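**Student:** Structure in structure tokens, see below.
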Amino acid sequence: MNLEHLLSPLTVGDMTLKNRVIMAPMTRSRASQVDDCVSALHEAYYSQRANAGLIITEGVHPSFDGKGYNRTPGICNDEHVAAWSRVTSAVHRAGGLIACQLMHCGRVGHPDNKATGTRMLAPSAIAARAEIFTEQGMQAMPEPEAMTVDEIAGVIEDYRQAAERCKAAGFDGIELHCASGYLPGQFLASGSNVREDEYGGSLENRLRFVAQVIDALASVMGIARVGLRISPGNRYNDHVDADPQATYGALLRMAQRKGIAWIHAIRMPSTGIDSLALTRDNFSGVLIGSDSFTAEEAETRIAANEVDAVSFGRLYIANPDLVARFESDGPYNDMDKRTIYGGEGAKGYTDYPLLSGDA
Ligand SMILES: Cc1cc2nc3c(=O)[nH]c(=O)nc-3n(C[C@H](O)[C@H](O)[C@H](O)COP(=O)(O)O)c2cc1C
């Protein structure tokens with residue numbers, strides 16, 4: 001199969017990607033339960049996948065309040081910077097680029113997954129009507145605290161400081177997780193934001209938080225190293241908006257005005273919204289498409305200029321040398337569903353075989 005478009009270089013803001021194969025952000029729940037640090041396992045896992053033009057890390061919390069899930073890593077202190085530095089260095093040594101996905105979960109989470117004394121902060125005191133995995137099993141998500149305007153400023157400052165730490169840790173970029181009902185999405189959506197101040201009500205007001213977070217990240221990294229992940233209309237985590245097409249259209253035009261480096265759009269036909277077309281209609285920068293792509297479809301869609309690059313998630317879990325497998329038209333390893341999330345284990349994380357037969 002000819003993959004000349006997929007395997008051609010791409011400029012994304014200040015980065016030059018060697019190909020248009022992106023490793024999608026994927027939570028794998030293997031950070032330390034004690035201190036939310038990544039380890040030598042993560043170093044091996046990510047550097048094995050440095051064949052991607054750009055790796056986007058699993059969701060990383062910018063502050064301890066921002067943690068929602070069990071065993072996700074943070075970038076909240078100097079220990080986290082030191083741990084992530086070893087990961088970015090290993091990826092760079094292997095010839096790759098790596099961006100940190102900042103994921104503040106807001107109202108999505110459970111106290112059992114969070115450090116003692118941390119808070120669940122949200123635009124409004126409305127619980128997500130959904131359950132979340134904890135060590136004690138699935139549990140309902142509790143009602144979060146509605147933030148004051150000063151507390152919102154504090155969270156934006158947390159993002160800015162996280163960007164400082166990302167820079168210190170050697171990340172090439174930052175992707176703001178604005179999909180799947182996490183804090184930025186909670187501000188955008190009318191179902192989770194019923195504020196009556198400058199952060200709620202009108203579309204302009206609901207966009208304000210995301211706009212200010214983007215500015216905070218860009219003040220550190222430069223806007224040419226900041227991207228945004230979106231999934232318009234996706235109701236995951238009780239993310240419900242009266243008019244996602246309008247909300248995300250306006251969000252994309254705001255991102256366009258700011259000159260953000262990339263939009264990473266999850267396509268989800270079940271929503272009735274074509275997120276790739278919506279992005280192309282409102283944003284002229286780099287568009288990374290996501291969800292259920294094969295190499296062949298990625299090549300076709302890039303050649304047709306429908307997207308500029310494509311991210312691969314599950315294929316990268318099972319195939320560390322994915323680009324080589326694309327080049328040889330397979331074969332592909334199957335993903336072991338039992339080891340997707342899990343503890344400190346290398347099993348199903350760093351032990352998938354390479355084409356060459358090496359572990
Ligand atoms: C195990 C797993 C964990 C994921 N974690 C995240 C995450 O932390 N952040 C995010 O934006 N998307 C996350 N996703 C979504 C993926 O980035 C991607 O959009 C999805 O897997 C569809 O792409 P694929 O068909 O190539 O796997 C996750 C997906 C999987 C399978």
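Nothing in this text is a laboratory measurement; each read-out follows from the coordinates by a stated rule. Note that this is a predicted model, so its numbers are computed, not measured. Positions of Cβ are backbone-derived with ideal geometry, glycine not excepted, and every protein chain shown enters the neighbour counts.
**Student:** Starting at the first residue of region 227-242, write each ³J(HN,Hα) from the Karplus equation 6.51 cos²θ - 1.76 cosθ + 1.60 with θ = phi - 60°, in whole Hz, x for Gly and Pro.
**Tutor:** Couplings: x, 9, 9, 9, 8, x, x, 6, 8, 4, 6, 6, 8, 10, 10, 5 Hz.
**Student:** Now, a different point. Hey, can you rank 42-55, 208-221 by average C-beta count inside 10 Å, highest first? Walk me through the numbers on the way to the answer.
**Tutor:** Working: 42-55: 23.4, 208-221: 20.4.
Descending packing order for the listed peptides: 42-55, 208-221.
**Student:** Follow-up. Output ³J(HN,Hα) for region 30-37: one whole-Hz value per residue in order, computed from phi by the Karplus curve 6.51 cos²θ - 1.76 cosθ + 1.60 with θ = phi - 60°, and x for Gly and Pro.
**Tutor:** So the Karplus estimates, Gly and Pro as x, are 10, 6, 4, 6, 7, 9, 6, 8 Hz.
**Student:** Going highest first, how would you order 281-287, 95-101 by mean Cβ packing within 10 Å?
**Tutor:** On the way: 281-287: 17.9, 95-101: 23.3.
Ranking, from highest mean packing down: 95-101, 281-287.
**Student:** Within region 86-235, what percent of beta bridges assigned by DSSP are antiparallel, to the nearest 5?
**Tutor:** Working: 4 of 14 bridges.
The answer is about 30 percent antiparallel.
**Student:** Mind checking which lysines have their Cα closer than 19 Å to the Cα of Lys67? Skip sequence neighbours fewer than 8 apart in that chain.
**Tutor:** Within reach: Lys114.
**Student:** What does the convex hull of the alpha-carbon atoms of the chain project to on average, in nm²?
**Tutor:** Projected over every direction and averaged, the Cα hull of the chain covers 16.0 nm².
**Student:** Over region 10-339, what is the relative contact order in percent, taking alpha-carbon pairs closer than 8 angstrom and at least six residues apart?
**Tutor:** That works out to 16 percent.
**Student:** Would you give the gap between the C-alpha center of region 69-84 and the C-alpha center of region 261-319, rounded to a whole Å?
**Tutor:** 29 Å
**Student:** Tabulate in residue order the Karplus-calculated ³J(HN,Hα) for region 318-330, using 6.51 cos²θ - 1.76 cosθ + 1.60 with θ = phi - 60°, rounded to whole Hz; enter x for Gly and Pro.
**Tutor:** Whole-Hz 3J(HN,Hα) from phi for region 318-330: 8, 10, x, 9, 4, 5, 4, 5, 4, 5, 9, 6, x.
**Student:** When the helix-only estimate is applied to the chain (DSSP H runs of n ≥ 4, each -39,500 (n - 2.57), divided by the residue count), what is the mean residue ellipticity at 222 nm, nearest 500 deg cm²/dmol? Provide the component values of the computation, followed by the final result.
**Tutor:** Details: 10 runs with 113 residues, N = 359.
Calculated from helices alone, the mean residue ellipticity at 222 nm is -9500 deg cm²/dmol.
**Student:** Take each of the peptides 16-29, 223-236, average the number of other beta-carbon atoms within 10 Å over its residues, and list them starting from the highest. It would help to have the intermediate numbers written out before the result.
**Tutor:** On the way: 16-29: 21.2, 223-236: 23.5.
Packing proxy ranking, top to bottom: 223-236, 16-29.
**Student:** Still on this structure, I have one more. Restricting the count to DSSP beta bridges whose residues both fall in the chain, what percent are antiparallel, rounded to a multiple of 5?
**Tutor:** 20 percent
**Student:** Return the lysines within reach of Lys347: Cα separation strictly under 16 angstrom, same-chain partners fewer than 8 residues apart disregarded; answer none if there are no such residues.
**Tutor:** In chain and number order, the partners are Lys337.
**Student:** Can you list residues whose amide H is under 5 Å from Ser180's amide H, if they're 5+ apart or on another chain and H is modeled 1.01 Å from N?
**Tutor:** Residues meeting the amide H criterion: Ser231.
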